[in-house]
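What follows is a short report on a single structure.
The values are calculated or read from the model by the stated rules, or taken from the named source; none is laboratory data. Given the structure is predicted, the values throughout are model-derived calculations rather than measurements. Cβ placement follows ideal geometry from the backbone for every residue including glycine, while neighbour counts extend to all protein chains displayed. Remember, those area values only see protein heavy atoms, side chains included, never the ligands or the DNA or RNA. Shrake-Rupley method; radii C 1.70, N 1.55, O 1.52, S 1.80 Å.
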Amino acid sequence: MKRAFAHIGFSFALTLIVLNFLNVKWALAAAVAAGALFIASLLIGKTRRAVAVPLCLFSIMISALMFSADYYTNYAPQAQLANKNALADFYIVDMEKKTENGYSYTVKTNAIRINGAPQNIKLRLYTYTPLDADYYELLQGELKFTDYAEDAYNSYGAYADKVFLKATPADDIVSTGELVNNSLRYVLDFRFHLRSVFSAYIGGDEGALALAVLTGNKSDLGAEVYEGFKASGLAHLVAVSGLHLMVLSGTAYYFLRRLSVPVVPRCALSGVLVLFYIMLSGFAPSMIRAGIMMLVFLIGKASRQKSDSLNSLGLAAFLVCFFNPFAVTDAGAMLSYTAVLGILTLNKPLRRYFKADRIKNKVFAFAADGIILSLSVFLATLPVMMFFFGQASIIGLLISFLSIPLAQVVLITSFLFIPLYKVKLISAALVFVIRLFAGLLIKLATDAAGIAFSMIYLDYSYIALAVAFVFAIFGVGFIFRRRKAMRLCALLSSVTFCIICILGAFADMNKTHVRAIAGVNSTAYIVYDDNYAFVAGVNEFSQVYSAKHIINANRLSLLLVLDNCSSEKAQSLAESCSAVNYICTSDKNLPQKLGDCKNILSLSEFDVDLWQGVNVKYNESVVNVTVNGSEYTFDNNSFSQPVQYDYIITVESGGSGHYRRLNKWQD
C-alpha cells in the first residue's frame, strides 16, 4: 500500500487533536468504537481490500488507547499533587527564563517526600530571585504544587513537554552539593557556554538574535525586539524548527555533493549534523520532529530509495504522537506539521497557477519562489494560527521572502562562528556579517510590526464557518477520488479559508472593542474603535507593547491613559503614543512632562465622554466604561489579577457584545 505511514500518522494526529478536547472516558469509548469498526472492516471484503480503511481505524483505536494509558499513568498521578506542599529533591534541567517578576526553571524531581507521590517528574518552578545552583546540582526545599492548566490546550505547550505541574518555593531552597550524573548536563553546559560567547563577542540584540535563531534560546533577546517579531509574524524565526534544520543540513549536503563526496558518507555526515543540531537546540520537541523527517529522507537517499515526503511526515507524526499523546496540543508542533504539509500539497499547484516556471529573470524568479512558498505555508498554517492565537499576521506573509534569506545568513554564519570564534580574522568577519544581517532582520521585524492592519483578529464563529467550508470542499474531492481533484480541493479550501477570515476581519471594522491584556501579575484594558483608544491599568512591559502595537497598527489617537498605580510603564505608553490625556489616580511620582501629552492630571474621580458612544467614569478605585449603552466595570481585583487569556469583546452599535478569547502562548 502506498503511503501507509501517512495514513497511520495523520489518523493518530487527528484522533489525538479531538481527544484532547474531551474527557478521558471519551477516549475509551473511541477505542471501543474504532475497534468494533476495525473488526467489521476486516469482515467486509470491499473495505478489507481497500486497506486504508482498516488501517486508519486500527490507528484510531491504538491512539485512543495510548491517550488513555498516558492519562492514567502520567497525568493523573501528578494531578493528585495539586494544591499540596511537600519536601522535594530536584535539579535544574534547562536554561532559566526571565519572567516579568522573577525567574522560571524547568526542574526534575529526584524525590518527593509525600505518601503515594510520583517520582522523577518534570515541572516548572517559579522564583522571585535566581537560584544559586549549577545545572543538574541537587537542590532541596519545600514546594507548593499547583495545576499547570485546565487542560492540554491551555497549557501553552507544557503538557506536550510532559510538564503537568508548576511549583513555587514554600521555604528556602538549599543545595546538597551533589551533582546528578547525567550526560545531558554537558549539553546544557555547552549551551550556556555558547550564550556567554555570543554575548561577549557579538553582544546587543544582534548577538541575542543570532543565538535565538541558532538555538531557540530567547532569554537575552530584548522584550521590545521579541514582541516585534511576534507582531510581524516572524516569531518562528527565533524558535528552532524544521526550517532551521533544513537550511543547515541542506547547505551541508550541497557542499558535500560539490566536493564529490560519495552518497553514503554524504548522508552519514549530514545525519551527524542533524543529530548535533538537535542536541544544540536542547532537544527541542520541534527539532526532534524535524530530525525524524530529515533522517528518514537521508536514509532513503543512502539506500537509493526515493523517499515519499508525505509518508515521511506521517511517520514523524506517528512516532511523536505514539510516545506523547499531548504533542498535538503544542502550537509549535501543529505549525511545523501544517507548514510542511502546505509546502508538499500547495506549493506546486500555486506555482502552476501563477506560472512561476515561465519567469526568466533570476531575481524575479527567486522572489516569486519565495512569495509562493510563503503563501503555501501561510494558507496551510492559517487555521492553526487562528485556533491557537485568535490572530494571524498578514504582514509576515508579505515580508517573508526578505526575512527568510536574512535569517538563513544569520543561521549559517552563527553556526560557523561556534568552532571559529577564537580565530581572530575569521571571527571578526563572521561577527560583522552576523551583526549586519541580524540588525537588518530586527529592523525589518520592528518596522513591519507598526504597519496598519498587520494582524487579523477573528471571531471563532468565522473560524467555524471556514472549517466547515474546508471539510465540505474536501468531501467533494473524496467523492471524485482523483489526484487532480484533491489538489484542487486543497487549493480551494485554503483560499476559501483565507477569504472568510479576511471578510470576518473587515466585518469587525466600525465597531468598538474592549480588550483585556494579560500580564504575569496584572491585567490591563484597552478600549478602541477605528479612530480612538483608551487604556487603563498598564503595569508590565508586555502590556505596554501589546497596547502600543494595537494603537500604532490601527493608527489610533490615544485619548486617555488611566494610571491607577503610578506605573512607569503607563507613563512610557502615554509618552511613546503621544496620549492626549494622562490621568494618575494618585499624586505620587506625577511626571512633569510626557512627550507630547497635553494634559497630565492627578484626579481621584472623574466622568468624561471620550468619543461618541464611549464614556469613562472613575470613582473609589472603580472604572466604569460605557460603550454604546453597555457598561463594563473594572475594579482593583480586575487590574491586579491576571486573566488566563487575552480576550476581546466586540461591541455593536446597539450595545450587544460578542466575546472571544485569544490564547496567550508564551513562545
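If you plug each phi of segment 533-541 into the Karplus form 6.51 cos²θ - 1.76 cosθ + 1.60 with θ = phi - 60°, what whole-Hz ³J(HN,Hα) values come out, in order, with x for Gly and Pro?
8, 9, 10, 9, x, 5, 9, 9, 4
Kirkwood hydrodynamic radius, segment 1-52, all distinct C-alpha pairs: what's the number in Å?
Values: mean 1/r = 0.0809 Å⁻¹.
For segment 1-52, inverting the mean 1/r across all distinct Cα pairs yields 12.4 Å.
With the contact rule set at Cα under 8 Å and sequence spacing of 6 or more, what percent relative contact order holds for the chain? Mind showing how you got there, number by number?
Values: 1177 pairs, mean separation 68.2, N = 667.
It comes to 10 percent, rounded to a whole number.
Loop only per DSSP, at most 14 neighbouring Cβ atoms within 10 Å: give me the trypsin sites (Lys or Arg not before Pro) in segment 289-377, ordered by residue number. Display every interim value, and only then the final one.
Numbers: sites: Arg289, Lys301, Arg304, Lys306, Arg351, Arg352, Lys355, Arg358, Lys360, Lys362; in loops: Arg304, Lys306, Lys355, Lys360.
When the trypsin sites (Lys or Arg not before Pro) of segment 289-377 are filtered for loop state and at most 14 Cβ neighbours within 10 Å, Arg304, Lys306, Lys355, Lys360 remain.
From largest to smallest, what semi-axes in whole angstrom does the chain give when each is the square root of 5 times an eigenvalue of its alpha carbon gyration tensor?
Numbers: eigenvalues 326, 199, 176 Å².
Semi-axes, largest first: 40, 32, 30 Å.
Which residues make up the longest stretch of the chain that has no GluC sites (Glu not before Pro) in a DSSP loop with at most 11 other Cβ atoms within 10 Å? Mind dumping the intermediate values first?
Values: sites that count: Glu150, Glu620.
My reading of the result: 151-619 is the longest stretch.
What fraction, in whole percent, of alpha-carbon pairs in segment 377-441 exceed 20 Å separation? Don't jump to the answer; show the numbers that get you there.
On the way: 965 of 2080 pairs.
Everything past 20 Å amounts to 46 percent.
May I ask you to list the residues of segment 539-582 whose amide nitrogen lies under 11 Å from a point 7 Å from Cα along the Cα→beta-carbon direction of Ser640?
none
Working only with C-alpha atoms, what are the Rg and Dmax values of segment 1-120, expressed in angstrom?
Using the Cα atoms of segment 1-120, the pair Rg, Dmax is 20.6, 64 Å.
For segment 123-171, treating each Cα as an identical point scatterer without solvent, what Debye log10 I(q)/I(0) comes out at q = 0.30 1/Å?
So the normalised log intensities work out to -1.11.
What is the Å³ per residue value for the convex hull set by the Cα atoms of segment 542-598? Spell out each step's value before the answer.
Numbers: hull volume 3.8 nm³, N = 57.
So the per-residue hull volume is 67 Å³.
Tell me which residues come under 5 Å, amide H to amide H, from Lys511 once H is placed; ignore anything under 5 positions away on its chain.
Asp530
Running Debye on segment 57-102 with equal point scatterers at the Cα sites and no solvent, what base-10 log of I(q)/I(0) appears at q = 0.23, 0.29, 0.32 Å⁻¹?
-0.93, -1.00, -1.03
Let me see the pair-distance distribution of segment 190-255: every alpha carbon pair, 10 Å bin width, integer percents in order.
21, 45, 30, 4
Which entries in Lys25/Lys122; Lys108/Lys144; Lys548/Lys617; Lys230/Lys348; Lys98/Lys166; Lys166/Lys218 show an alpha-carbon gap greater than 18 Å? Walk me through the numbers on the way to the answer.
Numbers: Lys25/Lys122 26 Å; Lys108/Lys144 15 Å; Lys548/Lys617 23 Å; Lys230/Lys348 29 Å; Lys98/Lys166 16 Å; Lys166/Lys218 21 Å.
Lys25/Lys122; Lys548/Lys617; Lys230/Lys348; Lys166/Lys218, as the Cα separations exceed 18 Å there.
Hey, what number do you get for the chain at 222 nm if only DSSP H runs of n ≥ 4 count, each worth -39500 (n - 2.57), divided across all residues, to the nearest 500? Could the numbers behind the result be given before it?
Working: 21 runs with 349 residues, N = 667.
Mean residue ellipticity at 222 nm (helix-derived): -17500 deg cm²/dmol.
How long is the gain from Lys443 to Arg351 if the chain were fully straight, where each residue apart is worth 0.36 nm and the alpha carbon distance is subtracted? Walk me through the numbers before you get to the answer.
On the way: separation 92, 0.36 × 92 = 33.12 nm, distance 3.02 nm.
Full extension from Lys443 to Arg351 adds 30.1 nm.
If the label point is 7 Å along Cα→Cβ of Ala429, which residues in segment 197-214 have backbone nitrogen under 20 Å from it?
Under 20 Å, as judged by backbone N against the label point of Ala429, lie 201-202 of segment 197-214.
From zero outward in steps of 10 Å, how is the percent of C-alpha pairs of segment 532-571 spread across the bins?
Here the calculated profile for segment 532-571 is 33, 57, 10.
Over the chain, with every protein chain in place, what whole percent of the accessible area is carbon and sulfur at 1.4 Å, could you tell me? All intermediate terms of the calculation are to be shown ahead of the outcome.
Working: 19080 of 31630 Å².
Looking at the chain in its full context, I get 60 percent from C and S.
Protein chains only, probe 1.4 Å: how do Asp132, Asp596, Asp147 rank by accessible area, largest first? Provide the component values of the computation, followed by the final result.
Working: Asp132 150, Asp596 115, Asp147 70 Å².
Order by accessible area, largest first: Asp132, Asp596, Asp147.
Bin width 5 Å, origin at 0, all Cα-Cα pairs of segment 249-342: what percent of pairs per bin?
Reading the bins upward from 0: 2, 13, 22, 23, 20, 12, 6, 2, 0.
Per residue, what accessible area does segment 236-356 have, given a 1.4 Å probe and all protein chains present, in Å²? Spell out each step's value before the answer.
Numbers: 5500 Å² over 121 residues.
On a per-residue basis, segment 236-356 sits at 45 Å².
Using a simple charge model, +1 on the beta-carbon of Lys and Arg, -1 on the beta-carbon of Asp and Glu, nothing else, what dipole does segment 1-132 show about its Cα centre, in debye to the nearest 20? Walk me through the intermediate numbers first.
On the way: 13 positive and 6 negative charges, 138 e Å.
Its charge dipole is roughly 660 debye.
Given the Cα atoms of segment 559-639, and with Rh set as the inverse mean 1/r over their pairs in the Kirkwood sense, what is Rg to Rh to two decimals? Mind showing how you got there, number by number?
On the way: Rg = 12.5 Å, Rh = 13.0 Å.
Result for segment 559-639 is an Rg/Rh of 0.96.
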